[in-house]
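Report on the following structure.
The values are calculated or read from the model by the stated rules, or taken from the named source; none is laboratory data. Because the structure is a prediction, the values reported are computed rather than measured. With ideal geometry, Cβ positions are generated from the backbone for all residues, glycine too; neighbour counts draw on all protein chains shown. Ligands, DNA and RNA are stripped out before the accessible areas are found, and what is left, the full protein with its side chains, is counted by its heavy atoms. Shrake-Rupley method; radii C 1.70, N 1.55, O 1.52, S 1.80 Å.
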Amino acid sequence: MKEKITEIFTKFTDERDNLIPLLQKIQEELGYLPEESLKEVAKFLHIPESEVFGVGTFYSQFKLKPGGKKTVVVCRGTACHVKGGARIQKDIEKMLGVAPGETTPDMEYTLETVACIGACALAPNVVVDKEIFGQVNARKIKEMFAPAETGTTQD
Amino acid sequence: MTFEDIRAAAINEWDSLEKSDQVRIYLGSATCGRAAGAKTISDELEEELQKRNISAVITQVGCIGSCYLEPLVDITKPGKPRISYGNMTPKKMVELVDDYIVNDNPRPDLALGSIGEGSVEGITDFFQTPMLKSQVRIILRNCGFIDPEKINHYIARGGYSGLVRTLTMTPDQVIEELKKSGLRGRGGAGFPTGQKWEFCQRAPGNEKYIICNADEGDPGAFMNRSLLEGDPHSVLEGMVIGSHAIGASQGYIYCRAEYPLAIERLKIATDQMRKYGFLGKNIMGTGHNFEIVIKEGAGAFVCGEETALMASIEGKRGMPRPRPPFPAIAGLWGKPTNINNVETWAAAAVIMQRGWEWYSQFGTEKSKGTKTFALVGKIERTGLIEVPLGMTLRSIIYDIGGGVLDGKEFKAAQTGGPSGGCLPQSNLDSPVDYESLAAAGSIMGSGGMIVMDENTCPVDIARYFISFTQGESCGKCVPCRLGTRQMQKILQRICNGNGEQGDIEKLQKIGETVKTGSLCGLGQTAPNPVLTTIRYFRDDYEAHIHDKKCPSLTCKDLIRFYILPDKCQACLICLRNCPAEAILGGKRMIHVIDQDKCTKCGTCFDVCPKKFDAVVRVTGEKLDVPDEPVPMLAGKA
Ligand SMILES: Cc1cc2nc3c(=O)[nH]c(=O)nc-3n(C[C@H](O)[C@H](O)[C@H](O)COP(=O)(O)O)c2cc1C
Ligand code: FES
């Protein structure tokens, strides 16, 4: 991990406004922000660790815990809400057995919510590993997350 | 190369595409297209073309705005107008390759319309179809037509001529032109743009910044995303124009991280600009220097607020600070800074291309020009539209949007996102402009317009928005941090059926306190969705509180689902689909919902075949139905 971070540092200058881009890059590489990496960033930018933590906890994009192999993001935007997004979220929570922000015990899925992904016209939307699934419904969700169990006949 | 050479080459490139003797295929490749499955369509297309050894020019275009018809594919055969096809499936794609590309049957049954000169029998002009007919597409003129990754396409259609013109003018002249155009900020508050530029230009200091606000935090809105994905150069041209007028040498685009495609297209576009000398040192030989840096947001709604946004660019927590000093005097790193929304910059570019007189012919006395809206929610034709300011809400919803989904009753249109409000039926005939929306208790906002029908509960919507702002409050001001929390609690209990006498008054009182006691626009406007729904839908609040009823049949704790024994045909569909396994029944046994197990998800209601219509949703009453499955009466199906 340390080498990876050192390698990332070579691509940045130690200016303060690089803090967020740095954290974004580290998260992109490591999947989350290990505590150690935050300390390294503080040293690199010559700022207090508390400031790095402050930023790392302020923005919803940053994760301080490792996530699952796949990330499922449910849109909680207005258009999706009006079209039944809350119910979709409940279904997925039930299917995966976790709440938003949590990871399944087998480390397969992390469930997250987002304010809006900008595909509102196709609401409700769910994103799985950057792929957007539009106009989802209970049946599609079932197919997506429990393929073995689906015995639906509805067409 | 002079601009004339560049333009000549660009027009040449565009014309050779337009007049090519090959088949041209345009694929909608914006986020909504992708969400609808554009990738499988394009894979299918390529495979089919290859199989048949057909060579065609394939162009990835942005979104024409008819998102409900995605995935969209347009085909132009030499000498024929372009024909649009919607709701594409791999199967339809194969059919089109065979029928239209190989043979000559344009399949009017699948076509949405034709675009451009000439006509095809049986196919109407796409721009005369209801959704597009009454739109005035200025900002979106290129979206869906050009390849957003080709600067030459943009230039061939008049792009960068506004910049060229600007560079021959003094900054004062440019600002004067903007002022005369009547352009007002498209990011929410509607401040006159020319005047804003002037403040920053006059501010003392040699180092100045400009910012493009592409945070688009309003959930349910995607105008800025579509524009950046479909025509990034129009925004960038506006920024370079602004840099000259204001005297800025550095610009930032703060784009939300949820928009990876927009960010990618911006990066490609800025590289192309540098090659042509539209960006960088000594722009077009005039000695003007200007650079643009793209900053990715990190998921915080409050960072759309200008001072928070600047803190975020500086690498800090995105917390707003008091104004004054205004950004025009002391913004980014304490230097004079001008911030505008994506659409404002794009409007500035087109104004400089075509002149203020032309632009100001659109719109109303005080709200000039056009505005894009993301028309979504319970509406037939969802998508991105652009209309002259002042069009009535009714025209937007019924003429362009095709009315409420499934012929249901219109309840409200929500504009302005979490800062805005709901416009009820009585507002349908009011014009949509800055003043009228404010008078109705809402705001223009950045252009999200969410349509709600009889089954959308205004109390639930108020609860939804307050939960949103509560979660996004940066926590600096106590009234915002704690007031929204209290409002959320009250709204939650009302929705749960535990509302108390006096709750409405409490909400109003806290709401007013949050409005007056908060530093930034987030807190100042957070109570709006609550206050406007109380103003227009007080009856709904009262029904929840006093009768424990949700008239819109939305709030889970106040509704029940039943299967009507005389209508149930024991088809097992609801039983198999119920995610909670709450439906009992069997072959020839009338199904029954176990009310204790039912999670009110509504799946049974949705899947029950229309011809049976056996599932009902009620509020405030209990139906007398059997609690155990009973055999169907003999003689039934
Ligand atoms: C909480 C909050 C969120 C905002 N979000 C945005 C946004 O996403 N995009 C935007 O352009 N303006 C947003 N604004 C408005 C900006 O502060 C600013 O007024 C705007 O970018 C100015 O641009 P304009 O003059 O072109 O409208 C927001 C304001 C507040 C208070
Ligand atoms: S509201 Fe869900 S994508 Fe915008």
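Looking at the square roots a ≥ b ≥ c of the eigenvalues of the Cα gyration tensor of chain B, which shape do they give, rounded for a/c under 1.5, prolate if a/b is larger than b/c, or oblate?
Taking the square roots of the gyration eigenvalues as a ≥ b ≥ c, chain B is oblate.
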Practice problem: Compare B:D104, B:D98 by solvent-accessible area with a 1.4 Å probe and give them largest first, with all protein chains kept in place. | Solution: B:D104, B:D98
Quiz item: By its C-alpha gyration tensor, with a ≥ b ≥ c as the square roots of the eigenvalues, how is region B:151-358 shaped: rounded for a/c under 1.5, else prolate for a/b larger than b/c, else oblate?
Solution: rounded
Quiz item: Short version: ³J(HN,Hα) in whole Hz for each residue of region B:216-232, in order, from phi by Karplus 6.51 cos²θ - 1.76 cosθ + 1.60 (θ = phi - 60°), x for Gly and Pro, what are they?
Solution: 5, x, 4, x, x, 10, 8, 5, 5, 4, 4, 5, 5, 6, x, 7, x
Quiz item: Just the accessible area for A:E143, please: 1.4 Å probe, Å², rounded to the nearest 10?
Solution: 90 Å²
Quiz prompt | Residues whose placed amide H lies under 5 Å from that of B:I294, excluding near-sequence neighbours | solution = B:I253
Quiz item: If amide H atoms are built 1.01 Å from N in the plane of the peptide, which residues on other chains or at least 5 residues away come under 5 Å of the amide H of B:A328?
Solution: B:T337
Exercise. Could you pull out the pairs from A:K142/B:K622; B:K19/B:K77; B:K80/B:K133; A:K25/B:K295 whose alpha carbons sit more than 20 Å apart here?
Key: A:K142/B:K622; B:K80/B:K133
Quiz item: Can you work out ³J(HN,Hα) from phi for every residue in region B:483-490, in order, using Karplus 6.51 cos²θ - 1.76 cosθ + 1.60 and θ = phi - 60°, giving whole Hz and x for Gly and Pro?
Solution: x, 5, 5, 5, 4, 4, 4, 5
Quiz item: What is the local net charge at B:V97, summed over the other residues whose Cβ is closer than 15 Å to its Cβ (Lys, Arg +1; Asp, Glu -1)?
Solution: -3
Quiz item: Within a Cβ distance under 12 Å of B:G113, other residues only, what is the Lys/Arg minus Asp/Glu net charge?
Solution: 0
Quiz item: Of A:V72, B:V616, which has the most accessible area with a 1.4 Å probe, and how do the rest follow in descending order?
Solution: B:V616, A:V72
Exercise. Under 13 Å from the Cβ of B:G475, count the other residues' Cβ atoms, weight Lys and Arg +1, Asp and Glu -1, and hand me the total.
Key: +3
Quiz item: Over the Cα atoms of region B:32-152, what Rg and Dmax result, in angstrom?
Solution: 14.0, 42
Quiz item: Which of B:K556/B:K610; B:K549/B:K597; A:K90/A:K130; A:K4/A:K65; A:K43/B:K267 have a Cα-Cα distance over 28 Å?
Solution: A:K43/B:K267
Exercise. Could you order B:L572, B:L423 so the one with the most accessible surface comes first? Probe is 1.4 Å.
Key: B:L572, B:L423
Quiz item: Once the piece of chain linking B:A189 and B:V616 is laid out straight, how much longer is it, given 0.36 nm per residue of separation minus the C-alpha distance between them?
Solution: 149.3 nm
Quiz item: What is region B:496-553 by shape, rounded, prolate or oblate, if you read a ≥ b ≥ c off the alpha carbon gyration tensor as root eigenvalues and call it rounded for a/c under 1.5, prolate for a/b larger than b/c, and oblate otherwise?
Solution: prolate
Quiz item: If the label point is 7 Å along Cα→Cβ of A:K4, which residues in region A:40-72 have backbone nitrogen under 15 Å from it?
Solution: A:40-41, A:63-70
Exercise. Please work out how much length the chain gains when fully extended from B:K275 to B:Q425, using 0.36 nm per residue of separation minus the C-alpha to C-alpha distance, in nm with one decimal.
Key: 48.8 nm
Quiz prompt | Amide hydrogen neighbours beyond the local backbone of B:I146, cut-off 5 Å, H modeled | solution = B:G62
Exercise. Could you state how much accessible area B:Y276 has, in square angstrom rounded to the nearest 10, with a 1.4 Å probe and all protein chains kept in place?
Key: 60 Å²
Practice problem: Compute the length gained on full extension between B:V625 and B:D104: take 0.36 nm times their separation in residues and subtract their Cα-Cα distance, giving the result in nm to one decimal. | Solution: 181.6 nm
Quiz prompt | Rounded to whole Hz, the Karplus (6.51, -1.76, 1.60) HN-Hα couplings of region A:47-53, x for glycine and proline | solution = 10, x, 4, 4, 5, 5, 4
Quiz item: Setting aside same-chain residues fewer than 8 positions from B:K408, which aspartates and glutamates have a Cα under 14 Å from its Cα?
Solution: B:E380, B:D453, B:E454
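Out of region B:487-556, which GluC sites (Glu not before Pro) are coil in DSSP terms and have no more than 16 other C-beta atoms within 10 Å?
B:E500
What GluC sites (Glu not before Pro) does region B:92-150 have in DSSP loop regions with at most 12 other beta carbons within 10 Å?
Numbers: sites: B:E95, B:E117, B:E121, B:E149; in loops: B:E117, B:E121, B:E149.
Here the GluC sites (Glu not before Pro) that fit, given the DSSP loop and packing criteria, are B:E117, B:E121.
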